[in-house]
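The values are calculated or read from the model by the stated rules, or taken from the named source; none is laboratory data. Worth saying up front: this structure is predicted, and the values here are computed from it rather than measured. As a convention, Cβ positions derive from the backbone with ideal geometry for all residues, glycine included, and neighbour counts pool all protein chains shown. Note: accessible area is taken over every heavy atom of the protein model, side chains too, but ligands, DNA and RNA are not part of it. Shrake-Rupley method; radii C 1.70, N 1.55, O 1.52, S 1.80 Å.
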Amino acid sequence: MEEFKFIGKSVKRLDEREKVTGAAKYVDDIEFGPNLLYAEIIESPHPHALIKSIDTSEAEKMEGVVKVVTGKDFPYKFGLYMKDRYIFAQDRVRFIGEQVAAVIARDPRTAQKAAKLVKVEYEPLQPVFDPIEALKEDAVVIHPDLKNYPHVPWFFPKGGTNITHRLKLRKGNAEKGFKDADFILEDTYRVPRYAHCCLETHIAVGLLDYSGRLTVWASTQSPYTQRNLFADALAPLGFSHKDIRVIAPFVGGGFGGKAGVTMEIVAAALATTVKGHPVKVMWRRDQEFYNTYMRQQVVTKIKVGVKKDGTITAFEMANYWDAGPYAEYGANVVNASGLSATGPYRIPNVSIDSYCIYTNLPAAGPYRGFGYSEMSFSVESHMTRIANAIGMDQAEFRRKNGIKEGDPVAYGAPMNPNGLLEAIDKVADEIEWGKKEESKDPNKAIGKGLSIFWKAPAMPPNVTTSAFIKFNEDGSLNILVSGMELGQGYLTVMAQVAAEILTVPIEKIRVELPDTDRNPYHWQTVASHVTWASGNAVKRAALEMRDKIFEVIHAAYHYDKDSLYLEDEKVKCKLHPSFELPLKDFVINGIQTEDGTYRGEAIVGSGAFMPEFTSAKQDPETSQGGHPNVHYTVGAGAVKIEVDKQTGKIRILKAVEAVDAGKAINPRNVEHQIIGGLLQGLATVLYEDMRFDENGKILNPNFTDYKIPTFLDIPDEVVPIIVEVPQPDGPFGARGIAEHTMIPAAPIIANAVEDAIGVRVKTMPITAEKIAMAIANNKKEVNDFLMIMKK
Amino acid sequence: MKKISFILNGEKRNAYVEPNDLLVDVLREKLGMHSIKYACGRGDCGACTILLNGKGVRSCIILAIEVDGQEILTLEGLSENKLTSLQESFIDHSSFQCGFCAPGMIMSATELLNKNPNPTEEEVKEGLSGNLCRCTGYTPIIEAVLDVEKKDVDKK
Amino acid sequence: MAIVHEFEYFRPEKIEDVIKLLGEYKSKARLLAGGTDLVVRIKDELEFPEAVINIKEVEELRKLEFIEGKLHIGALVTFTDLIDSDIVREQFPFFWESVKTIASVGVRNRATLAGNICSAVPSLDSGPALLTYEADIVVMGKEGERVISALDWFLGPRKNALKESELVCEIIFSLPERKHGGSYVKLGRYKGEDLAQVGLGILALEGNEYRLAFCAVGPIPKRAKKLEALLNGKPLTDSLIEEAKKLIPEEISPITDVRATKEYRLHVAKVMLERGIKAAVERIDGNGPAYGEKLI
């Protein structure tokens, strides 16, 4: 086994000192000077309506108001995978809270006051909130012009309907597979919407300077993608990529909510109307809930057939996703999770249909897990029920059917090396799987739940990334990348990769936050792919530098390059043991030779990475033939809970999660992802509970009534477990693990609840209320779905 | 505009405020105390926590004019010289991820340790439960706070 | 988000000055103590006061004293003051138990009991203790002082018995003369800070007297008179508890909202009654779960 000095070590986070001293700057902490203007948004009070007229005259008259902007000023569409979104609503609004106009003023109070004076006349239209209703033939069509929207080639929107994408996957022969089955279980599961709840709300500041350059400071996961979409949407105004700069300081949480572009484009657009003045657009907490992305709701119908011995013979599934009125990103959640909806099982016959459906709830899109958490709730609940029904141990059922390296996944490509079985074994051991436990309290029951998971990065096939590294005079390093430090520890891990190659200690490395003028290209920090992809780019850049270092030594001393190596910030030579030269002595100013001249140069490195085996050219009728995913990360989770049979309250006695990191570059960071991600997942299944009224208005856009966990709500014990089956093309064998950590949370609770009290809850969240009322009313199954509250 | 005077991080400062100015805005915008974070605006999350006369309070639901004559400590004040053992412990434990909750969390934890230098795990959870964090799952924060006590004991 | 509404601000140091200002601005004045409710409501444009009167400089409102069996809680006493008070914890442990369920440290450091009862929200956690200890609320106005029993204080959601131009000066709890035990049981959605979905406070006195009060299951925090009539004079038995549980639907009128359904509130109220009353009775003799321990 290769010995590493920095890889596999739990070095301290690079950004922690900045964060614990308050030095870390987030967008709103930057001073923009006395010219700063503030925007206030005029929002739609209707879920679906035509805009008849907008009267801005009263607002414009108010002292301190600089400009009032409406949709007429920006008749441009934008979107990541499909252009179906507008900077401001044009002729129609499609959800409550949609931006219709904006007031730009000298101070926030004036902006707020003036916004109330903007008069908008609407003609209400019939709204639709339920994805199944929205599919009906007589349903109101939310985007009459859908057939003309530009989109990526792997989307299949159906004009004249609310179907913005349909993924169709067929492998083997499902019909035959069900004929071969000895037992078939069919059921419907339902997952509501959820909110990311980043502590920092969305914020963007745009500035068009007098020379015509547009700079946007944004709290974002995606500086380059933002620049690309700004340039694309604002091209009619004469902007090209080089005219636009996106600066991304620290970001106060992302979780997918700050991927792509949402409100930031408003700041970019408004800036173009007030040259020379920075304009700040900052979401309040309630806006953060309804006008960024939410997680999509989904109705899943699933049918699985097995032989008596537990072998899965067939899998059939239909998913009806509610994307809200704009699916430019959400449709790819539907696509990616549909391709992988079987979960990590070897199944010969598969039929999956996933529909991405427009509704008049707020726009929904990416959220940590990218659809896999939702699929995992239904599939892992279902697999547990099947194992129990045929009298097979659940862990054994999963070992038997769990996917192995080389097995074809649902779309036909071979599965990568993985530690799924090891993860199952370790989790089962840790939770003492199979050992029945009883509570001392007669009112309480103890149950255990288990589930397995996988997830692949969901990205276009040709996603690419790059890195620059430069030496400083003292031999320290600056690494320039455009991946985003979301809190996952990206900066630290990139430093560890460079440190390993260049032998420069972590304390002498800075990794710079993105600025599209300075740092090289990176698509977006999403899909848990940056350790893998950006890690590869940084490694290549460091290797290029090492090569240049050896060139310099060779030029100065004529040592054979192959005999040179780096150790403790020095160049050494296998053939000349007495030779050593500290890097700081020459990496900037070179080495003086006997004749007084110098050999060398300022050592810099660049590296880039793109997977060259991926393709999205699958058959639209079967999804076979392409290779849309680079690899899967797998794992398993388990939980032991105590249920109060009278109140329905759940106490988590122990939670265990194993994830196959390939190679954990920073094991503590991996453990911290498990602890944090698992809690985020547990919250979605236990108490996070988004509610809308019958008109599609969110009722709890605040932390008073959308409950995210506190210190008092963590499990009694969490055991993170790292499995390491190397990823052949990963940096030092590493692959991503961050989103994955929340995926098993929902089914392990659902399964443990059934184990404890014999009640199967098929709708999320599994609140104390659902459990208590099921027991009180002697129900064995719960289908109650409360997201839209009836009067 | 009314002139108010108060002690900010040990120094006497003045500010001109309107009665309806919020303390969070005055400290951030007029006095440059950017460690304080706006996150919920209604006292639910603790990101804007500062110490007012030694007690952790939510600066987003306090009128700036109320602090006339009072004493305020922000994270800037804690960080001016040598970091506190608590801050060092957070660094050692890599406790925070996105870091947005950190300033408020540190102020709350500072108050907790001032009041109770040897808290139990339960006391740490109870004392900090008004400070929300979406990233960490809290465990790395609890470990760091509990470790401060051990470190200080080791020093003695 | 900035506050848009504009108002005058006053910081009187004497009660008479407060009363004078109240007389001047009448219904357009709001008193500011902790501000944890008021500032949010002004910000959310639910209140539009012309005058905000900060009473924090009125020193005499700051006292927290235990004199001759009576606890005097001044209008400026915060929840933290109450939780940290040895007297409250030792002499009024059931009140202490209720107060500990309110908000979290950063809010408790500012929010006052007086402000809390003036807000008079249906989910008022301090309500049941006030009602069962039968606290007195001392208020002052132009006409002088008057004492309002907690039993007469709550008039409706966010409506209390305070007249225009009056302020709360103190809240007085009398220590019951007999041995007693109590419990406050609160239904929240999780263990962290939450507004009560059902709150039940029970004070059990030696000699089979029971005082019960609910919050969050009707327009105001309220004594449970029907339950008390059934229970009083009887030793606590399992069958008595069962009978009492059956009365719950007649006693409370919860609604369905985003926090919980009416059915669940009714269901859990029964569980809370059973666990709460057992604990309260056990605590009379110093047995049962420690105060502060969660019963649900």
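Numbers below:
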item: Check on A:SER10, of a type in the set (Ser, Thr, Tyr) and either buried (at least 23 other Cβ atoms within 10 Å of the Cβ) or part of a loop (DSSP other than H, G, I, E, B) (or both); result: yes
item: Among the candidates A:VAL69, A:VAL20, residue that is outside any strand (DSSP E or B), surrounded by 16 or more Cβ atoms within 10 Å (Cβ to Cβ) and touching a Leu at 6+ places or on another chain (Cβ under 9 Å); result: A:VAL20
item: Total residues in the range C:219-265, condition within 14 Å of chain A (Cβ to nearest Cβ), touching a residue at least 24 places away in the same chain (Cβ under 8 Å) and hydrophobic (A, V, I, L, M, F, W, C); result: 3
item: Exclusive hit being in the same structural domain as A:LEU234 (by TED's automatic domain parsing), hydroxyl-bearing (Ser, Thr, Tyr), modelled with pLDDT of 95 or more and open to solvent by less than 20 Å² (accessible area, probe 1.4 Å), set A:TYR81, A:TYR149; result: A:TYR81
item: Any hit, the range C:113-120, residues being within 24 Å of C:VAL281 (Cα to Cα), among the small types (Gly, Ala, Ser) and either open to solvent by 20 Å² or more (accessible area, probe 1.4 Å) or away from chain B (no Cβ under 14 Å) (or both); result: no
item: Neighbours by Cβ (under 7 Å, 6+ apart or cross-chain): first from the range C:96-111, more than 11 Å from chain B (Cβ to nearest Cβ); second open to solvent by 20 Å² or more (accessible area, probe 1.4 Å) and of a type in the set (Ser, Thr, Tyr); result: C:TRP96/C:TYR291; C:GLU97/C:TYR291
item: Residue match in the range A:31-38 (condition: farther than 18 Å from A:THR110 by Cα, within 14 Å of chain B (Cβ to nearest Cβ) and in contact with a helix residue (DSSP H, G or I) (Cβ under 8 Å, 6 or more places away or on another chain)); result: no
item: Any hit, the range A:626-649, residues being surrounded by fewer than 24 Cβ atoms within 10 Å (Cβ to Cβ), among the small types (Gly, Ala, Ser) and outside any helix (DSSP H, G or I); result: yes
item: Boolean, A:LYS649 is farther than 30 Å from A:ASN536 by Cα, in contact (Cβ under 8 Å) with a residue 24 or more places away in the chain, in contact with a Lys or Arg (Cβ under 7 Å, 6 or more places away or on another chain) and not assigned by TED's automatic domain parsing to the domain that holds A:PRO47; result: no
item: Pair list, Cβ under 9 Å, 6 or more apart: the range A:103-122 residue more than 9 Å from chain C (Cβ to nearest Cβ), other residue modelled with pLDDT under 95 and surrounded by fewer than 18 Cβ atoms within 10 Å (Cβ to Cβ); result: none
item: Among (1) in a loop (DSSP other than H, G, I, E, B); (2) buried (at least 18 other Cβ atoms within 10 Å of the Cβ), the one test that A:ALA556 misses; result: (1)
item: Matching residues in the range A:90-117 - criterion: being in a loop (DSSP other than H, G, I, E, B) and of a type outside the set (S, T, N, Q); result: A:ASP91, A:ARG94, A:PHE95, A:ILE96, A:GLY97, A:GLU98, A:ARG106, A:ASP107, A:LYS116, A:LEU117
item: Qualifying positions in the range A:668-700 - more than 10 Å from chain C (Cβ to nearest Cβ), assigned to a loop (DSSP other than H, G, I, E, B) and surrounded by fewer than 21 Cβ atoms within 10 Å (Cβ to Cβ); result: A:GLU694, A:ASN695, A:LYS697
item: The range C:72-99, residues that are charged (D, E, K, R), open to solvent by 30 Å² or more (accessible area, probe 1.4 Å) and over 28 Å from C:GLU13 (Cα atoms); result: C:ASP86, C:ARG89, C:GLU90
item: Answer residue from the range B:106-146, given it is in a helix (DSSP H, G or I) and of a type in the set (S, T, N, Q) and is nearest to A:VAL718 (Cα to Cα) among those; result: B:THR139
item: Qualifying residue in the range A:10-17 (condition: hydrophobic (A, V, I, L, M, F, W, C) and away from chain B (no Cβ under 14 Å)); result: no
item: Selection from the range B:45-64 of residues that are at the interface with chain C (Cβ under 7 Å from one of its Cβ atoms), in contact (Cβ under 8 Å) with a residue 60 or more places away in the chain and in a loop (DSSP other than H, G, I, E, B); result: B:GLY46
item: Evaluation of A:PRO47 against (1) open to solvent by 20 Å² or more (accessible area, probe 1.4 Å); (2) within 30 Å of A:LYS301 (Cα to Cα) (one fails), failing number; result: (1)
item: Options A:GLY305, A:GLY330, A:GLY324: the member that is small (Gly, Ala, Ser) and at positive phi; result: A:GLY324
item: Residue count, the range A:769-781 (criterion: within 13 Å of chain C (Cβ to nearest Cβ), farther than 18 Å from A:TYR194 by Cβ and touching a strand residue (DSSP E or B) at 6+ places or on another chain (Cβ under 7 Å)); result: 2
item: Strands (runs of 3 or more DSSP E) (entirely within the range C:1-71) containing at least 1 residues that are surrounded by fewer than 20 Cβ atoms within 10 Å (Cβ to Cβ) and at the interface with chain B (Cβ under 9 Å from one of its Cβ atoms); result: C:8-10
item: Residue among A:PRO505, A:PRO514 that alone is touching a residue at least 60 places away in the same chain (Cβ under 8 Å) and open to solvent by less than 20 Å² (accessible area, probe 1.4 Å); result: A:PRO514
item: Tally of residues being part of a strand (DSSP E or B) and not hydroxyl-bearing (Ser, Thr, Tyr) across the range A:599-625; result: 6
item: Scope the range B:84-142; condition within 11 Å of chain C (Cβ to nearest Cβ), more than 16 Å from the chain's Cα centre (by Cα) and open to solvent by less than 10 Å² (accessible area, probe 1.4 Å); matching residues; result: B:TYR138
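Per-residue answers, yes or no, for (1) over 23 Å from C:TRP96 (Cα atoms); (2) touching a His at 6+ places or on another chain (Cβ under 9 Å); (3) outside any helix (DSSP H, G or I):
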residue	(1), (2), (3)
C:LYS234	yes, no, yes
C:LEU240	yes, no, no
C:ALA260	yes, no, yes
C:GLU293	no, no, yes
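Rundown of residues vs (1) open to solvent by 10 Å² or more (accessible area, probe 1.4 Å); (2) within 30 Å of B:GLY46 (Cα to Cα); (3) assigned to a helix (DSSP H, G or I), yes/no style:
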{"residue": "A:LYS168", "(1), (2), (3)": "yes, no, no"}
{"residue": "A:LEU185", "(1), (2), (3)": "yes, no, no"}
{"residue": "A:ARG190", "(1), (2), (3)": "yes, no, no"}
{"residue": "A:VAL205", "(1), (2), (3)": "no, yes, no"}
{"residue": "A:ASP232", "(1), (2), (3)": "yes, no, yes"}
